[in-house]
1. All but one of (1) at pLDDT 90 or above; (2) under 17 Å from B:Gln132 (Cα atoms) hold for A:Ala33, so report the exception by its number.
2. Quick check on my filter: what residues within segment A:324-339 are at pLDDT below 90 and either basic (Lys, Arg) or part of a strand (DSSP E or B) (or both)?
3. Inside segment B:596-607, can you point out the residues that are in contact with a Ser or Thr (Cβ under 8 Å, 6 or more places away or on another chain) and either farther than 29 Å from B:Phe537 by Cα or among the small types (Gly, Ala, Ser) (or both)?
4. Of the residues that sit in segment A:31-47 and are β-branched (Val, Ile, Thr) and in contact with a helix residue (DSSP H, G or I) (Cβ under 9 Å, 6 or more places away or on another chain), which one is nearest to ligand 1 (Cβ to nearest atom)?
5. If you take the residues of segment A:185-230 that are among the small types (Gly, Ala, Ser) and surrounded by fewer than 19 Cβ atoms within 10 Å (Cβ to Cβ), which of them is nearest to ligand 1 (Cβ to nearest atom)?
6. Looking at this structure, is A:Tyr89 part of a loop (DSSP other than H, G, I, E, B), crowded, with 17+ Cβ neighbours inside 10 Å, within 14 Å of another protein chain (Cβ to nearest Cβ) and within 16 Å of ligand 2 (Cβ to nearest atom)?
7. Of B:Val657, B:Val635, B:Val666, which residue is within 27 Å of B:His477 (Cβ to Cβ) and not in a helix (DSSP H, G or I)?
Amino acid sequence: MSRNSSIKVTLKNISKHFGSTRVIDNLDIEFKAGTLTTLLGPSGCGKTTLLRLVSGLEPPTGGEIWFGEQDVSDYSATQRDVGMVFQSYALFPHMNVEKNIGYGLGVLKEKKEKIRDAVTKVLQTVNLDGYQKRYPDELSGGQQQRVAVARALVLEPKVLLFDEPLSNIDSKLRRSMRDDIRNLQQKTGITSIYVTHDQAEALSVSDEVVVMHNGAIEQQGTPRDLYRRPGSAFVANFIGDSNVVDGVLEVEAGRSAILLGGTRIDLGERQIDNLPGKIQLSLRPEMFQLRETGDRERHVVGTVIHSAYLGAVTEYFISTPMGDIFTTSPSSDGQYEKGKEVFLHFHPDQLIILPPARA
Amino acid sequence: MQALLGERRFRVGIFSWLLIGVLSYLVLPWFGLEYGLFDSTMDEYWDALGWRSHPLSLGIPILLLLFIPFSRPGRSRKIEGRLLVVLALAITIVLAADFIIPNRSMGLGSGVILISLAALFSYGIARLGFLQGDVFISGAVTVIILIISVFVFYPVLQIFYKVIVAKDGSLDPFQFFDIVSSFGIGRVVLNTLYLAISVGAATTLLGLVFALYSIRSTSPLRHLMRIFYILPIITPPFVVGMSLILLFGRAGVLNDILMYFFGSGGFFIPDGAAGIFERSGYIYGFKGIFLAQVLSLTPVSYMVIVGMLSAINPAMEEASLTMRASRWITLKKVTLPLLAPGLANAFLLGVISSAADFGNPLVLGGEYDVLSTEIYFSIAGAQLDFAKAAALGILLLVLSLTIFLIQKKYLSKKSFVTVTGIQTSGNVTPLPIRLQKFLTVFVCCWLALIGILYISIFLGGFVRQWGADYTLTLMHHKELWSNGFSSGGWPSLTNSLMFSFIAAPLTAIFGILIAYILTRKKFAGHGVIDFGTVLIFAVPGTVIGIAYIMAFNTAPIELTGTAIILVITMIIRAMPVGIRGGMSALSQISPSLEEASLLQRAGSFKTLRSVLLPLLRSTIISSTAYSFIRSMTTVSAVIFLASAGTNVATTYILSRVESGDNGVAVAYGSVLILTMLVFTLLVQAVTGRSRIEKQM
Ligand SMILES: Nc1ncnc2c1ncn2[C@@H]1O[C@H](COP(=O)(O)OP(=O)(O)OP(=O)(O)O)[C@@H](O)[C@H]1O
Ligand SMILES: [Mg+2]
């Protein structure tokens, strides 16, 4: 269980069709050895399906799956050496914790004492030692979840899969559980794939995040990358909140500027890949400072159409020439009533220019 | 390490099956024995061994042994898999040809070889990646397809084949139309339909009435409805018909009473004057069958409707009431429309069951011919008109298959009763007061009638001659039970018990296995099993009966007259119970449990044994128990197949009815009912909640 035995997982040109529905079509992806990668995407985009393809529970319609340098496409789930934590935990209700965790070792015909020791050891890792004789229905949701993790870990699999493991747990506990999972994964170094709906969870636990959309990969990268340089309007909207607006890019003598609803924003010598002309930008809600005063030439002006006080921050919807903008601003910056005219200050470096849409 | 373990097991498996194949070739009879395995002489046994009497068959073990050099560790999986599949198929074809061409019947040995070939085939397809390489499930699928082919598809096809073979053995493709359009058949078909539709309508109406009464009335009488769950399970189908004869037959109680008052010399008739009443056989014919079927099938429709009714969210009715609708309007405009799919379902079930019923028309039919009895009479006795039986069988099969498919297609999914998983709250809306009063009277009458019927069955066994001489006697029971174990009722009863005892667990196992495969596995060939189960559900017993007679009376598979064929018939007839039980139990178990087990390196077999079976235990017990009861009381198919040595309880009773010994027949019938009752109550006590009831 050390980092040097971790393997990368590669899916080559993989497809999965259910009858005529093409859930996943010719997808290529690599999960780096020893990392935890999150699959993030809207409901029904194929995250679970992708996970099940890796586990071998679902045979692919086409394509190959490699664990390290080994083609495991023909291996069944039983032979593939993966551990999985199910959303519903899937603990065997008629077996106690010890039997549940020791089940796989029993299948492999390990000796009784050896099984007992292994179970104790793995229960210690998930802080549940002493619960060996409890039955699943005598455990809390969080404890069941940890037993499920322990069961997935005990066979020291090559790959660990999590399908929304925390979705049945209340939000307070979820925070500490996700840190536990993160620590465990880093300690064991098992290549892990983690499905979640919750972007905060995704950003906090993972080395890499894969944003999926309609069975295809929208973008893969570190959480920071994805937030700071979203590859598409979809990713910008999905990771964090974002206002996607249209603008016009002008380039003159190495200096570029952007026209945003009548306001011209000078970008100086910033390197931009897009061609001059119409472009899309992503504006994060927290990049704006709202002011009562400003320069009509350099700042966007708008009218507050809605505000909601949320304690530390206040949310505003502001009608501007570039469209309606959603912002959050620290409540200590003062309150703006509905109908009030405000200037939106921001630093030009914070403008995210989205790459041109792919054909 | 893990892979090597799998490899070793794989190879051990292959060699074990090879060994079984070769051994059974050496020591078990290759050909069928004329007098069965246990009654043949040593010489006959000796002669039936393949290598002694039939040198040609030596090819089989040689071919089998061919597996060995080709199946070595280290060979590529694909090559090895193909080799296994091709060799297994080739040997199967050679083996089949060896029996079909000379038209000789298979023996135990060749049967076992066939099974080991199926096993080797399964290892082959698993190696080729079928069902993700799972040998156990590949094997189960192969065996189930084999069984369905031999015991469902093949016999049913035989009916279609027999219908185009004329009496002299020549082929006559249009014979079916000749038979169907010949005199009298149209009437039989119309009779069947008319009866089935009337019975369907009547049982639906009555089922609805009783369901409303038991769920919605406030009368304490509603608890008595529980007997609806038990009586039809434990009562052989024709017994209701028999008791109707006791009450309403020519020598029945009603006739007696009427004669006493109005017959010649009766109470109200002056001495010497002619009576204004003659004994009459009014119960025979449509009226009698109708009454018997309505009495015995209403509980089924009751259960369907009760299920639907109790699933209706009371809030919907409360909503109607709060909108100022009266209870009547609510019943009419909300409750009944919500029940519509349930009612349609109950109706179709009633129609199918009536058309398939054999016992009641046989006992009560008189001049009123229906398809199921007409099939029986075309090959019972001297007629032996197989083509006609086959043609009628096809008609009946098509009829019930059509209805079954309609039901499956349109009604299984179209339920207005939404299962949301949200706890339904609110109180059920009681019936309108006047309706409830009326129903109470009606229900009392019905229960009284049922009570009288069952009492008459029990009394009937204790009187000398029903209708003529009501002196109490034990003679019928004595004749049955105290003449030693080899005469009277004992041989048929022990046969029934023994066959059902073997059939029941097999039914439960196969039922759960089929349910598991159908609901949890996807593979090529899924459709074959699916279609096979549809046939098993839909084929009426009579049709199975003639189909088996036609298929298994001659080589290559000669089974008629053996106990095996009866056990198989019982298994196939009770299979719907097993499958339904398995399906409903599996639908309660999340598939992720099995997946978790698979990911813990357990194969399908280990998963079934360690994860599913413990969770399915009560289902297995109740499936087994209910299959046992079904097998004990089944009649329509076994009546074609039981022979002198393999008579079972039901066929014995019917034969006594036919020879006019009604006293003995009802005495036996009442013992059977009591036995089943005790058994059912015992099982219910063991399984805790009465799960059997829910499986009907
Ligand atoms: N067995 C199946 N048969 C047919 N379609 C299926 C099957 N399993 C999944 N699908 C379809 O594939 C698509 C992707 O399903 P999947 O479960 O992978 O989504 P998901 O991304 O995990 O969604 P969620 O976030 O809601 O769990 C869905 O449109 C679903 O309807
Ligand atoms: Mg999912």
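The values are calculated or read from the model by the stated rules, or taken from the named source; none is laboratory data. All figures in this text were calculated on a predicted structure; none of them were measured in a lab. When we count neighbours, we look across all protein chains shown, and the Cβ atoms used for this are built from the backbone with ideal geometry, even at glycine. For the accessible areas, the whole protein counts, side chains as well, though only heavy atoms, and no ligand, DNA or RNA atoms are used. Shrake-Rupley method; radii C 1.70, N 1.55, O 1.52, S 1.80 Å.
1. (2)
2. A:Ser329, A:Pro330, A:Lys338
3. If the condition is that a residue be in contact with a Ser or Thr (Cβ under 8 Å, 6 or more places away or on another chain) and either farther than 29 Å from B:Phe537 by Cα or among the small types (Gly, Ala, Ser) (or both), then B:Ser597, B:Leu598, B:Leu599, B:Arg601, B:Ala602, B:Gly603, B:Lys606 are the ones that fit.
4. Per the criteria, the residue is A:Thr38.
5. By that ranking, first place goes to A:Ala216.
6. So A:Tyr89 fits the description; yes.
7. Residue meeting the stated conditions: B:Val635.
For (1) more than 10 Å from ligand 1 (Cβ to nearest atom); (2) under 22 Å from the mean Cα position of the chain (by Cα); (3) among the polar types (S, T, N, Q), each residue gets a yes or a no:
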position	(1), (2), (3)
A:Ile29	yes, yes, no
A:Thr49	no, yes, yes
A:Asp74	yes, no, no
A:Thr78	yes, no, yes
